[in-house]
Structures are given as structure tokens and as C-alpha cells.
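The values are calculated or read from the model by the stated rules, or taken from the named source; none is laboratory data. Quick caveat: nothing in here was measured; it's all calculated off a predicted structure. Please note: Cβ atoms are built from the backbone with ideal geometry, for glycine as well, and neighbour counts cover all protein chains shown. These area figures cover heavy atoms from the full protein model, side chains too; ligands, DNA and RNA do not enter into them. Shrake-Rupley method; radii C 1.70, N 1.55, O 1.52, S 1.80 Å.
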Amino acid sequence: EGGSHHSLVGEQPAQLVLVEAPQSRARTQAVLDTLRSRFPAKPVGVVVNTHYHWDHAGGLRTVLAAGLPVVTHGRNAAFVRRIAEARKTVMPDELSRRRRAPALRLLEDSLVIGDGERRVVVYAIPTIHGEGVVAAYVPSARILFASDVLTPGATLAPVGSAEVVALARTRGITVERLAGGHGGVAAWADLERAAAR
């Protein structure tokens with residue numbers, strides 16, 4: 001959890017899947033350090049970037065410097081490559097000191113990370129929020145993670161709720177809870193009611 005931005009961690013047999021590296025180098029490094037201490041035998045194997053907005057991509061330089069593959073929508077490929085190529089000259093970071101090409105795994109529709117019970121499925125989600133937005137689904141937990149499409153809270157926005165519900169119906173997935181990148185968790189029945197308004 002973060003103060004205003006959250007990440008989802010999927011534990012798989014040989015690796016962790018980190019969904020979202022938001023805000024900044026410091027925030028993302030804190031997440032990586034926490035995961036290293038909690039799961040010393042399981043490295044982060046891949047990072048999912050939900051979309052290109054700065055507050056959801058601010059930690060990408062940190063994961064790129066660590067050589068971690070980044071999963072994102074194909075529309076975001078040039079954006080992530082520009083992040084990797086940018087040089088910081090005033091206060092050089094690790095990526096500026098040790099150049100490395102980004103390892104990208106791009107999707108247009110969907111992409112499965114891992115297999116079996118612990119797989120994570122990343123779906124493109126049509127939304128008015130922006131193009132190239134993805135959501136992550138953990139079938140074993142029936143959790144869908146989305147950033148900015150809908151932020152669960154006391155009230156649920158009808159438009160965002162309708163977009164999330166449409167994704168689940170189109171994909172034929174069973175969701176029990178939506179976890180928001182800006183916090184909050186909503187029961188699926190509440191989303192369906194909000195979407196119907």
C-alpha cells in the first residue's frame with residue numbers, strides 16, 4: 001500500500017509479479033525493498049505498467065535499471081523506451097549510470113503471466129481515461145486491479161463501473177473484488193449496481 005498509489009503483487013512459484021510502479025524512484029524502490037525482505041527467495045520477475053500517466057509510470061526508471069521486464073500496452077512502447085533513453089545529468093540515477101535497453105512485453109489485447117493457479121492475466125481495457133490502459137486479473141483470487149478507470153470508495157462512478165463491468169463480461173471472467181490503483185477495494189455486486197445507473 002502507498003499513501004495515494006497502490007500496487008498489486010502476485011506471488012507465483014518462482015517469481016513475483018508487480019502490477020504498477022507508480023509515483024517515483026523512491027516509492028518504487030521502497031516497494032522492491034519491501035518485497036525483497038518479505039519474499040527473499042522470490043525475485044520480482046516482471047512489472048506491469050497500467051498506463052502512461054506520470055503518476056503510474058514514475059517508478060519505471062527504477063525497474064528498468066534493475067533489468068526487470070515491463071509489460072504494457074503496445075501504445076505505450078515508445079513512451080517506455082523514451083523513459084529508458086532519457087539521461088539525468090544533474091542527479092544521475094542508476095539508469096543514467098548504467099544504460100540498458102528496456103525489456104518490454106507488449107500486448108494489444110491480453111497477455112498471460114505464468115500459468116496454473118497463480119497466473120496473472122493482463123487485459124487491455126477500453127476507457128475514456130486514456131488509450132493503452134490495461135487491468136490485471138488474478139483468477140485464483142478473483143481480483144481485478146485497475147488504475148484510474150475507477151477508484152473504489154464510498155460511491156462508485158457509474159461510467160468507470162460500467163467500463164470495468166464491460167471488461168469482465170466481454171472476457172468472461174468472474175470477479176469478486178476490484179482493487180484500485182489509488183486505493184480502495186469494492187465488491188463486484190456494488191460495481192454492477194453502479195454500472196446500471
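Things to note:
- In the set (1) modelled with pLDDT of 95 or more; (2) over 19 Å from Tyr52 (Cα atoms); (3) open to solvent by less than 50 Å² (accessible area, probe 1.4 Å), the condition left unmet by Gly116 is number (1).
- Only strands (runs of 3 or more DSSP E) whose full extent lies in region 1-93 are considered here, and the ones with at least 1 residues that are surrounded by fewer than 19 Cβ atoms within 10 Å (Cβ to Cβ) and out of contact with any helix residue (DSSP H, G or I) (no Cβ under 8 Å at 6 or more places or on another chain) are 44-48.
Results for (1) touching a strand residue (DSSP E or B) at 6+ places or on another chain (Cβ under 8 Å); (2) without any contact (Cβ under 8 Å) to a residue 40 or more places away in the chain, shown as yes or no for each residue.
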site: Leu18; (1), (2): yes, no
site: Pro22; (1), (2): no, no
site: Ala26; (1), (2): no, yes
site: Ala30; (1), (2): no, yes
site: Phe39; (1), (2): yes, yes
site: Lys42; (1), (2): yes, yes
site: Val48; (1), (2): yes, no
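- Long-range neighbours under 6 Å by Cβ, at least six apart or interchain, first residue touching a residue at least 12 places away in the same chain (Cβ under 8 Å) within region 138-159, second of a type in the set (Lys, Arg) and open to solvent by 50 Å² or more (accessible area, probe 1.4 Å): Ile143/Arg177; Pro158/Arg197
- Of all residues making up region 146-170, the number that are touching a strand residue (DSSP E or B) at 6+ places or on another chain (Cβ under 6 Å) and open to solvent by 40 Å² or more (accessible area, probe 1.4 Å): 1
- Among (1) modelled with pLDDT of 95 or more; (2) touching a Pro at 6+ places or on another chain (Cβ under 9 Å); (3) over 20 Å from Gly10 (Cβ atoms) - the single one Gly58 does not satisfy: (1)
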